[in-house]
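**Student:** One structure follows; several queries about it will come next.
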Amino acid sequence: MTDENACLTTQLSLYQDWLELRSGAKFADYESLWRWSITDLEGFWGSLWEYFDLHSPRPFQRVLAEPVMPGARWFEGAQVNYAGQVLRHAASAHQAGRPAIVFGGEGRELAELSWPELARRVAAVASWLEEIGVQPGDRVAAYLPNIPETIIAFLATASVGAVWSVCSPEMGPVSVLDRLRQIAPKVLFACQGYRYGGREHDRREVVRTLVAELPSVTDVVLVPGAPGMALDPESIGTGPRIASLAQISTGEPRAGWEPRWVAFDHPLWIVYSSGTTGMPKPIVHGHGGVILEALKLGVLQNDIGPEDRFLWYATTGWIMWNCQVGGLLGGTTICIYDGNPGWPDWTSLWRFVGAAGVTFFGAGAAYYAACSKAGIEPTEVADLSRLRALGATGSPLSIECYEWGYRHVRPDIWWCVISGGTDFAGAFIGGNRALPVVPGEMQCRCLGAAVAAWSDDGQELIDEVGELVCTQPMPSMPLYLWGDADGERYRQSYFEMFPGVWRHGDWIRITRDGGAIIYGRSDTTINRFGIRMGTAEIYRAVEALPEVLDSLVVDLEYLGRESYMPLFVVLRDGASLTAPEPTGNQGQAPDLAARIKAEIRAALSARHVPDEIFQVPEIPRTMSGKKLELPIRRLLLGEPPEKVLNRDAMGNPASLEWFIRFARTRAGAK
């Protein structure tokens with residue numbers, strides 16, 4: 001990018017012009033604006049409320065009553081509603097002729113849903129939820145793919161003050177139940193199948209299991225996961241009432257229906273951590289905080305306005321699905337694609353981008369790497385004349401991917417690479433269309449995000465790799481973790497290393513020019529192709545096999561290279577990874593390695609099948625019996641053994657020798 005970008009009119013520059021006129025302040029550059037945004041928290045977040053013209057039937061007392069973490073209290077007294085903020089655009093003359101949602105995917109023709117039709121369907125489903133007795137605070141869960149019906153169900157849930165939680169249908173019953181059992185949903189929206197990779201995947205048995213194992217569910221709403229898929233209510237069994245979303249959403253809304261006003265910090269949805277050290281954490285975010293963060297990120301940092309068409313390819317199990325839906329808050333048309341982006345080849349999603357007229361297209365970094373390695377030239381297969389920005393997240397984006405985009409998408413494409421998290425439903429690091437793009441770096445710290453790199457002793461680092469921390473509260477940080485009555489699990493998750501300061505779990509370097517580079521996780525979260533999964537969930541699947549005594553998995557994220565996830569297993573005496581299952585027909589039975597992979601694929605997700613499986617004598621553990629995942633990860637990433645752990649603190653220090661030899665072998669092979 002050139003200096004000409006400094007003169008661009010962007011959504012961010014329009015906000016800055018408005019802010020300077022309103023306040024009389026002058027900001028020489030983005031850095032000075034960012035500094036103000038993290039210093040005057042009330043001034044900044046209050047300006048967003050005013051700039052985006054948020055509504056409340058009564059005034060709030062003050063912007064920030066308690067500037068501490070955790071426990072900050074934002075906009076006390078205000079009342080909002082996420083769905084209400086979305087649906088106000090349905091009545092806007094400015095949106096006339098513009099669709100709310102453009103959708104397509106495997107087996108789906110390109111289609112549109114207008115703003116008025118979206119509002120009508122949401123009102124119909126919301127009215128039905130109220131009729132069956134759903135109250136504010138009740139949980140409504142979903143097991144659905146990335147289709148318009150999922151968005152309608154979510155907005156209807158939010159509109160009545162109930163709390164939404166969704167799992168992707170590619171997830172197996174173990175992972176879904178680990179999440180939904182914790183929150184005891186009253187209603188379950190579910191598909192009994194979905195299409196992915198050219199195949200229809202039958203999920204009737206999974207849905208039957210979910211209903212049987214979730215006694216809190218009183219009503220099940222069936223949704224076709226793909227066109228032409230028949231519904232099979234009888235397969236669910238007896239118990240809850242069963243309805244069809246197609247019938248509900250075409251019914252008449254209650255006369256005079258409107259979204260319910262709720263407190264600024266009323267729970268909106270529950271999303272989940274990876275479950276690294278046990279059950280996934282159910283993270284609760286509030287209506288108001290999510291509205292402000294989504295508008296700030298989408299409009300100001302991503303430069304997306306009402307005239308744009310915004311696509312971020314995601315499954316419903318990734319926080320980027322929430323980010324995608326958040327585009328509706330600003331009146332933007334969102335474009336959603338359901339299916340495998342690489343089937344039948346890596347041009348499929350690019351063809352959708354062109355046909356839908358997408359202006360901002362985001363995806364996981366791994367997607368762009370796959371396209372680059374496959375030799376895809378998007379402009380040869382699609383009309384991308386409207387596309388002006390590419391977004392990336394999920395893992396570090398290599399320099400080669402930046403260059404591929406310039407060569408094969410357009411020379412002046414804006415790479416808007418962001419980094420944030422499920423934990424606070426937003427981004428810490430993001431884009432600014434008026435700033436230069438340096439391949440391999442993210443452009444800037446987002447407004448309102450007091451992000452820094454810290455050493456282990458809490459010293460700020462510049463141009464050095466350190467722990468990513470956030471030193472000031474943000475409205476979208478979790479209200480609490482569901483079921484964490486005393487807040488202890490919340491504090492341990494984010495504030496144990498640096499009390500009063502959010503520690504995110506990434507390695508980051510802040511450059512002297514204000515850019516940022518993420519070097520992967522500093523904890524042991526598995527993050528495969530943008531889908532987060534905890535090691536504990538993998539262990540539960542693997543160690544259920546009788547031959548497996550113990551296991552350890554690490555996800556090795558390399559800057560500029562594909563991640564590599566090996567699984568290490570300790571087997572019973574006489575067992576072997578290559579020995580077939582003793583079924584009496586050994587010529588056809590799968591070997592143990594294949595069965596381990598199949599177990600992970602069935603219980604969790606195909607994305608979390610390990611790249612390789614190795615048999616080891618022992619899994620390294622602490623004296624208290626905890627698996628030493630992070631030290632082994634750091635060892636395999638190339639750090640010296642003496643720097644990653646203290647053998648005296650190990651319960652079985654001899655177990656380390658196998659991993660040291662393995663690390664040396666891998667290092668020598670590169």
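**Student:** Report Rg (one decimal) and Dmax (nearest whole number) for the range 235-287, counting Cα atoms only, units Å.
**Tutor:** So, for the range 235-287, Rg and Dmax equal 17.5, 49 Å respectively.
**Student:** Within the set of other residues whose C-beta is less than 12 Å from the C-beta of H94, count the net charge using Lys and Arg as +1 and Asp and Glu as -1.
**Tutor:** +1
**Student:** Treating the Cα atoms of the range 215-329 as identical point scatterers in vacuum, please give the log10 of the normalised Debye intensity I(q)/I(0) at q = 0.13, 0.14, 0.15 Å⁻¹, two decimals.
**Tutor:** At q = 0.13, 0.14, 0.15 Å⁻¹ the computed log10 ratios are -0.85, -0.98, -1.10.
**Student:** Once the Cα atoms of the range 44-167 are picked out, what are the Rg and Dmax in Å?
**Tutor:** Using the Cα atoms of the range 44-167, the pair Rg, Dmax is 17.1, 51 Å.
**Student:** Then there is this: Compute the length gained on full extension between E400 and S92: take 0.36 nm times their separation in residues and subtract their Cα-Cα distance, giving the result in nm to one decimal.
**Tutor:** 106.6 nm
**Student:** For the chain, give the share of DSSP beta bridges that are antiparallel, in percent and rounded to the nearest 5; count only bridges with both residues there.
**Tutor:** Among the beta bridges of the chain, antiparallel pairing accounts for roughly 55 percent.
**Student:** I would also like to ask the following. Heavy-atom accessible area per residue, the range 395-553, 1.4 Å probe: how many Å²?
**Tutor:** Per residue, the range 395-553 has 34 Å² of solvent-accessible surface.
**Student:** How large is the helix-only mean residue ellipticity at 222 nm for the chain, computed as the sum of -39500 (n - 2.57) over DSSP H runs with n ≥ 4, divided by its residue count, in deg cm²/dmol to the nearest 500?
**Tutor:** Computed mean residue ellipticity for the chain: -8500 deg cm²/dmol.
**Student:** Right, another one. Restricting to DSSP loop positions (anything but H, G, I, E, B) with no more than 14 other Cβ atoms inside 10 Å of their own Cβ, which chymotrypsin sites (Phe, Trp or Tyr not before Pro) remain in the range 381-449?
**Tutor:** none
**Student:** Let me ask you something else. Please list the three semi-axes, largest first and in whole Å, of the ellipsoid equivalent to the range 130-281, using sqrt of 5 times the eigenvalues of its alpha carbon gyration tensor.
**Tutor:** For the range 130-281, the ellipsoid semi-axes come out as 23, 20, 15 Å.
**Student:** Please work out the Cα center distance from the range 1-74 to the range 400-450, rounded to the nearest Å.
**Tutor:** Using only Cα atoms to place each centre, the spacing works out to 20 Å.
**Student:** For the range 96-214, state the average projected area of the convex hull of the C-alpha atoms over all orientations, rounded to one decimal in nm².
**Tutor:** Mean orientational projected area (the range 96-214, Cα hull): 7.9 nm².
**Student:** On each of the three principal axes of the Cα atoms of the chain, give max minus min coordinate, whole Å, ordered largest first.
**Tutor:** Extents along the principal axes, in whole Å: 72, 62, 57.
**Student:** Give me the dipole magnitude in Debye, nearest 20, for the range 358-497 about the Cα centre, with unit charges on the beta carbon: positive for Lys and Arg, negative for Asp and Glu.
**Tutor:** Dipole size: approximately 740 debye.
**Student:** Once you list every other residue whose beta carbon is under 13 Å from the beta carbon of A28, what net charge do they have if Lys and Arg are +1 and Asp and Glu are -1?
**Tutor:** -1
**Student:** Right, here's the next one. Please report, in cubic angstrom per residue, the volume enclosed by the convex hull of the alpha-carbon atoms of the range 404-451.
**Tutor:** Roughly 92 Å³ of hull volume per residue.
**Student:** Among residues other than P473 whose Cβ falls under 11 Å from its Cβ, what is the net charge (Lys/Arg +1, Asp/Glu -1)?
**Tutor:** 0
**Student:** I'd like to know which of F52, Y368, A212 lies farthest towards the positive end of the charge dipole of the chain, counting +1 on Cβ of Lys and Arg and -1 on Cβ of Asp and Glu.
**Tutor:** My answer, from the dipole projection, is A212.
The values are calculated or read from the model by the stated rules, or taken from the named source; none is laboratory data. A quick note: this is a predicted structure, and the numbers were derived from the prediction, not measured. We place every Cβ from the backbone using ideal geometry, glycine too, and count neighbours over all the protein chains shown. For accessibility, only protein heavy atoms count, side chains too; no ligands or nucleic acids. Shrake-Rupley method; radii C 1.70, N 1.55, O 1.52, S 1.80 Å.
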